[in-house]
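To keep things clear, I will list the structure first and then write my remarks on it.
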Amino acid sequence: MANSGKFDGVDFCKLDIELLTPELRQLGQGFRCVRGEFVTYWKQGRIQREVDSYLCQCWMVRVEDALAGYITLLADKLQVEDALLARESVKYRTFPAIKIGLLAVDRRTKGLGVRLVEWAIDYVITEVVPVVGVRFITVDALYDADVEPTYDASGFYVKLGFEFADPTEPLPPINPYLTMYLDLKPLIEVLAIEEMDEDWI
Ligand SMILES: CC(C)(COP(=O)(O)OP(=O)(O)OC[C@H]1O[C@@H](n2cnc3c(N)ncnc32)[C@H](O)[C@@H]1OP(=O)(O)O)[C@@H](O)C(=O)NCCC(=O)NCCS
C-alpha cells in the first residue's frame, strides 16, 4: 500500500529503533494495521505486560508522536526433523534461537517491515551472538485461513531468506502459523569479512 498521510515521504531507514520504555507506552493512539489484533496487543497493554514480565523485549519506530511499527524479540528453540547442521558434524535437531514474537507496522508505511526485521537480524548478530549461543532467528508467521483471501505472512519472510521449519506441513496448518527460521551463520561470516576489510583500510 502506498504511503499516505502522516507517513508521507518518511525514509524509515534513517529513523531510530527505540526500546519500548514506560514513557513511550502512550504512543499508538492512531496506529492502524492490516491486522487489527496487532493494534489491540499494543493498546490493551499485552506487549507492555510481557515486557514487564521479562517474556520479551519490544522495539518501536515512531514518527514524532505517531507509532509507525514495533517488533518483539524473545528466547526460543528451533526444532526440526532433519539434522540441519550435519555438514558441520552436529547431529542435534533442536537449536538455540531468538524469536521474532510480534511484528506489526502501520498500514500507511512502506518498507518498515523489512527495516525492522533487518535491524533485528543485525542486533542479534552484533549484540547477542558474541555472548550467548544462538544460531537461528525464528518466527511463527501468521496464517489465517478464516479470512478471504487467506492471510499468509510467510511470503514476507521468504523474501528475507527465511525457510520453513516443516516444508511438508499441509495447509492450512493446524495452528494459525507457519514456523520459519533464518540461519545466521552465513550472515555472521559476511559481517566478519566486512570487519576484516575495514581493519585493512
Ligand atoms: C507483515 C508486515 C510486518 C510486513 O511489513 P510491510 O512494511 O508491509 O512490508 P514491506 O513494506 O517492508 O514489504 C517488503 C516486501 O514484502 C512484501 N510482503 C509484505 N507482506 C507480504 C506477504 N504477506 N506475502 C508476500 N509478500 C509480502 C511486500 O510486498 C514487499 O515486497 P516488495 O519489496 O517486492 O515490494 C505487515 O504487513 C504487517 O504489519 N502485517 C500485520 C501483522 C503481521 O502479519 N505480522 C507478522 C506476523 S508473524
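Any read-out appearing in this document is the output of simple, stated calculations on the displayed coordinates, not a laboratory observation. Being a predicted model, the structure only gives us computed values, none of them experimental. Cβ atoms come from the backbone with ideal geometry, glycine included; neighbour counts cover every protein chain shown.
Each part gets one Cα centre, and for region 136-201 versus region 12-82 those centres are 19 Å apart. Over the C-alpha trace of the chain, radius of gyration and Dmax come out as 17.9, 55 angstrom.
Between the DSSP loop rule and a limit of at most 16 other Cβ atoms within 10 Å, which GluC sites (Glu not before Pro) in region 1-74 are left? Before the final figure, lay out the partial values.
Values: sites: GLU18, GLU23, GLU37, GLU50, GLU64; in loops: GLU64.
Passing both the DSSP loop test and the Cβ count: GLU64.
Mean Kyte-Doolittle of at least -0.5 plus a Cα span of 20 Å or more along the axis: flag which DSSP H helices in the chain meet both, please. Don't skip to the answer; put the middle values down first.
Numbers: long enough: 185-200 (23 Å, -0.18).
Taking the DSSP H segments of the chain (at least 20 Å long, mean hydropathy at least -0.5), we get 185-200.
Largest GNM mean-square fluctuation among SER154, SER89, SER53, using the chain with Cα springs under 10 Å: SER89.
Any chance you could tell me what percent of the C-alpha pair distances in region 1-80 go past 18 Å?
On the way: 1434 of 3160 pairs.
Of all Cα-Cα pairs in region 1-80, 45 percent lie more than 18 Å apart.
With a Förster radius of 45 Å applied to the C-beta separation of THR94 and THR21, the computed FRET efficiency comes to 0.85. One decimal place: the segment GLU64-THR40 gains 6.5 nm when fully extended, by the rule 0.36 nm per residue minus the C-alpha distance. Just the number, please: percent antiparallel of the DSSP beta bridges in region 11-200, rounded to the nearest 5. In region 11-200, DSSP labels about 90 percent of beta bridges as antiparallel. Measuring r between the beta carbons of GLU198 and ALA145 and using R0 = 45 Å, the FRET efficiency lands at 0.40.
Spin-label model, GLU169/GLU189: points 7 Å from Cα along the beta carbon direction are separated by 2.8 nm.
VAL158 to GLU127: extension gain in nm, 0.36 nm per residue of separation minus the Cα-Cα distance?
Values: separation 31, 0.36 × 31 = 11.16 nm, distance 2.43 nm.
Answer, rounded to one decimal: 8.7 nm.
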